[in-house]
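Working notes, beginning with the structure itself.
What follows is calculated from the coordinates using simple rules that are stated; it is not laboratory data. Small disclaimer: the values here were computed from a predicted structure and weren't measured. Here Cβ is always computed from backbone atoms with ideal geometry, including for glycine, and neighbour counts include all displayed protein chains.
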Amino acid sequence: MNKNRVLVIQGPNLNMLGVREQNIYGAMSLDQIHEAMKSTAGENNIELEFFQSNLEGELIDKIQESIGTCAGIVINPAAYSHTSIAITDALRAANLPIVEVHISNIYKREEYRQKSLTAQASTGVITGFGPLGYHLALISLAQIFTQIEATNTAKNEAKEKAQKETAK
Ligand code: DQA
């Protein structure tokens, strides 16, 4: 596993960005958003993999594949955020740092969008910042990876110290 590999998962209708409801989601296409993310990833020593699907089962398969191959996930489950127990379960099973992103502010929108099931399986949620949210998600994950590494180093040092003490 690459310790800084991040899987970016985009749910249904996000392949239509730049075309669909520009007043809500803006003018950038998904490819343009992904292209821009590459520079933020590079600055933060993150390697990216992108995946988009309109199918719930494909999203779940991809989340399952991330186990053991990725260090974290950025996901915009789109409409499935509000309905999918199956994607929520898959995210929980992945047991990785996960940042959920929404381009629009879901709390300012229709009532049925104001609850996210998948957010309950995520480390944190970024909502309402447009495409910038994806960059914020990468920066958040980079910080989380640094923290995990520091904790692991401290644990290993403590373990080595304890072993040396018992060997005396
Ligand atoms: C969305 C918000 C969802 O409610 C909606 O179904 C989407 C996009 C967002 O990024 O703002 O498709 O996840």
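With helices defined as uninterrupted DSSP H runs, which ones in the chain have an alpha carbon span along their own long axis of at least 15 Å and mean Kyte-Doolittle hydropathy of at least -1.0? Intermediate results must be reported in sequence, preceding the final value.
On the way: long enough: 30-43 (20 Å, -0.66); 132-167 (53 Å, -0.32).
Helices meeting the span and hydropathy rule in the chain are 30-43, 132-167.
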Hey, how many Å between the Cα centroid of the range 32-52 and the Cα centroid of the range 107-161?
-> 16 Å
Based solely on its DSSP helices, what 222 nm [θ] is calculated for the chain when runs of n ≥ 4 H residues each add -39,500 (n - 2.57) and the sum is averaged over all residues, nearest 500 deg cm²/dmol?
-> -14500 deg cm²/dmol
Build a GNM of the chain with springs between Cα atoms under 10 Å: which of ILE148, ILE67, ILE103 gets the top mean-square fluctuation?
-> ILE148
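Write out the GluC sites (Glu not before Pro) in the range 78-129 meeting two conditions: DSSP loop, and at most 15 other Cβ atoms within 10 Å of their Cβ.
Here the GluC sites (Glu not before Pro) that fit, given the DSSP loop and packing criteria, are GLU110.
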Each label sits 7 Å from Cα toward the beta-carbon; between LYS161 and LYS115 the label points are separated, in nm, by 4.8 nm
